[in-house]
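Asker: Quick one: this structure, given as structure tokens, is what I'll be asking you about.
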Amino acid sequence: MTWRTPFTALLTVPATIALMIALAGWVAVMVERIYGTPGWLVPLDAQAARSILSVVATAAMTALSLTYSLTLVVFTLAASSIGPRLLKRFTTERANQITAGLLGGTFLFALVGLGFSGAQPARIATLGAGVLAVASVVQLIWFVRLVAQSVSVDDELAKIAARLRADLAALRDNSAEDIALPDPATFTPCAAVAEPGYLARLDRDGLVTVAHKAGVVLRLEHVAGAYLFPGAQVVSISGTAPAEVLTRLQGFVRQEPARSDAGTVHFSMNLLVEIALRALSPGVNDTFTALAVSDMLSGALSEVARAQPRPEVLRGPDGAARLILPGAPIRALLDEAYHPLRRAAAANILMAQGIARAYQRLFSAGHAETRAAVAAHADLLLADLARHGHSTADIAAVRDLMPDPARAARGS
């Protein structure tokens with residue numbers, strides 16, 4: 001997870017790439033100084049080589065400055081129209097890191113070539129600077145294309161929805177079905193938070209390794225991203241473990257001062273809901289973006305529409321349960337996703353029709369519990385529409401798109 005934090009996104013990853021390219025520049029100069037210039041290189045005098053290196057260094061730094069400036073402007077506009085929490089996700093995009101590292105590395109490469117060449121023409125370094133300049137141009141073109149996609153709300157919705165589907169599919173696949181779990185009464189608290197804050201995502205693989213070596217079963221009491229007060233228990237243990245294991249488990253508990261992408265289904269789902277609510281606000285009034293969110297939420301929830309409400313369980317190398325995580329029943333996920341949309345759509349017939357179609361899809365794809373939850377949501381939506389004084393014809397237009405439990409029962 002540390003690879004994706006804002007610190008590494010904005011500093012460590014691009015800086016590492018830039019310093020490695022700068023080191024390559026020093027190596028190129030030293031190789032030429034020790035072994036001489038290869039005969040196949042184009043002959044250049046010292047002044048011509050220094051001129052080329054100077055031009056490449058200046059152009060690379062100018063491109064890097066313009067890239068960051070334009071990106072900041074574009075992303076700020078996107079955050080104001082789509083959602084401010086997207087800015088943190090943009091900083092973790094690998095293309096942004098690679099572009100910054102390549103442009104910064106090209107500048108340092110040329111600078112190192114200028115500084116270490118002396119009176120001798122640095123032909124190898126000059127050739128390397130030319131190759132990096134071409135690569136920087138290609139990377140910049142690719143980067144501009146990706147930035148243009150990033151500010152397109154449809155493309156961003158598709159990316160977030162794809163991630164949500166993947167997280168829900170993993171949650172479904174890890175649900176405990178044919179694996180023995182300890183009695184819940186045997187779990188005792190063993191790790192708690194020390195101060196108020198948001199629970200960061202815990203190292204699942206590390207916890208599984210510790211539990212496997214100690215021969216115990218661990219259970220997480222809260223999902224990542226939950227706001228907890230000091231003393232709130234995060235990890236419970238079933239079995240007996242030495243004190244050093246308990247101390248190590250406490251070290252896994254980390255908190256963050258601000259809400260961040262905790263890598264859970266709830267974060268992606270809340271991000272989609274936030275975009276939809278912003279789109280339905282009077283200041284934006286973009287119903288079709290909200291309709292796209294409703295469609296994508298229904299598509300993601302279909303991954304677990306037939307899953308049983310079981311906890312998520314990670315197994316150790318021996319196949320035994322080692323880490324139990326809070327599950328996400330379909331009813332709770334449906335409430336989290338569609339209650340806010342339903343309330344915001346009560347005055348918007350077009351959006352209500354879109355939600356009704358989403359209900360129909362989930363009703364058809366789900367099992368009995370899913371159908372009961374969807375039917376309850378459908379009744380609430382119709383009640384909201386009636387309370388807002390819509391005409392009978394408009395309400396009927398929405399009702400016609402709703403799932404019909406009686407018709408489904410007859411069909412089954």
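The values are calculated or read from the model by the stated rules, or taken from the named source; none is laboratory data. Please read all numbers here as calculations on a predicted model, not as lab measurements. For neighbour counting, all protein chains shown are included, and Cβ atoms are generated from backbone atoms with ideal geometry for every residue, glycine included.
Asker: With the structure loaded, tell me whether Phe288 is without any contact (Cβ under 8 Å) to a residue 40 or more places away in the chain, more than 21 Å from Leu164 (Cβ to Cβ) and hydrophobic (A, V, I, L, M, F, W, C) or whether it fails that test.
Answerer: Working: without any contact (Cβ under 8 Å) to a residue 40 or more places away in the chain: yes; more than 21 Å from Leu164 (Cβ to Cβ): no; hydrophobic (A, V, I, L, M, F, W, C): yes.
Here the answer is no, as Phe288 does not meet what is asked.
Yes/no matrix, rows are residues, columns are (1) under 23 Å from Asp404 (Cα atoms); (2) surrounded by 23 or more Cβ atoms within 10 Å (Cβ to Cβ); (3) in contact with a Phe, Trp or Tyr (Cβ under 8 Å, 6 or more places away or on another chain):
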| residue | (1), (2), (3) |
| --- | --- |
| Asn270 | no, no, no |
| Glu274 | no, no, no |
| Ser281 | no, no, no |
| Ala292 | no, no, no |
| Leu301 | yes, yes, no |
| Val304 | yes, yes, no |
| Val313 | no, no, no |
| Ala344 | no, no, no |
| Ile349 | yes, no, no |
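Asker: Further, regarding this structure: Kindly establish whether Leu314 is among the aliphatic types (A, V, I, L, M) and part of a helix (DSSP H, G or I). Let's see the steps before the verdict.
Answerer: On the way: among the aliphatic types (A, V, I, L, M): yes; part of a helix (DSSP H, G or I): no.
So Leu314 fails the test.
Asker: To continue, here is another question. Looking at Ala148, Ala161, which one is touching a residue at least 60 places away in the same chain (Cβ under 8 Å), assigned to a helix (DSSP H, G or I), among the aliphatic types (A, V, I, L, M) and more than 17 Å from Ile324 (Cβ to Cβ)?
Answerer: Numbers: Ala148 fails: touching a residue at least 60 places away in the same chain (Cβ under 8 Å).
Going through Ala148, Ala161 in turn, the sole match is Ala161.
Asker: Take residues that are over 17 Å from Ala321 (Cβ atoms), among the basic types (Lys, Arg) and not assigned by TED's automatic domain parsing to the domain that holds Ala347 and tell me which of the strands (runs of 3 or more DSSP E) falling wholly in the range 182-296 contain 2 or more. First the steps, then the outcome.
Answerer: Details: elements: 188-192, 197-199, 217-220, 233-238.
Because the criterion is at least 2 residues that are over 17 Å from Ala321 (Cβ atoms), among the basic types (Lys, Arg) and not assigned by TED's automatic domain parsing to the domain that holds Ala347, no strands (runs of 3 or more DSSP E) in the range 182-296 meet it.
Asker: Could you run through the range 147-156 and say how many residues are under 25 Å from Met61 (Cα atoms) and surrounded by fewer than 15 Cβ atoms within 10 Å (Cβ to Cβ)?
Answerer: Total satisfying the criteria: 2.
Asker: Which of the residues spanning the range 320-347 are in contact (Cβ under 8 Å) with a residue 60 or more places away in the chain and part of a loop (DSSP other than H, G, I, E, B)? Can you show your working first?
Answerer: Going residue by residue through the range 320-347, those that are in contact (Cβ under 8 Å) with a residue 60 or more places away in the chain are 320-328, 333, 336-337, 340-341, 344-345.
Across the range 320-347, the qualifying residues are Ala320, Pro326, Gly327, Ala328, Ala345.
Asker: Scan Gly316, Gly327, Gly299 and give me the residue that is touching a His at 6+ places or on another chain (Cβ under 7 Å) and small (Gly, Ala, Ser). If you could, list the steps in order and put the result at the bottom.
Answerer: On the way: Gly327 fails: touching a His at 6+ places or on another chain (Cβ under 7 Å); Gly299 fails: touching a His at 6+ places or on another chain (Cβ under 7 Å).
Answer to the check: Gly316.
Asker: Within the range 351-387, can you find the residues that are part of a loop (DSSP other than H, G, I, E, B) and surrounded by 15 or more Cβ atoms within 10 Å (Cβ to Cβ)?
Answerer: First, the residues of the range 351-387 that are part of a loop (DSSP other than H, G, I, E, B): 366-367.
Hit for the range 351-387 is Gly366, nothing else.
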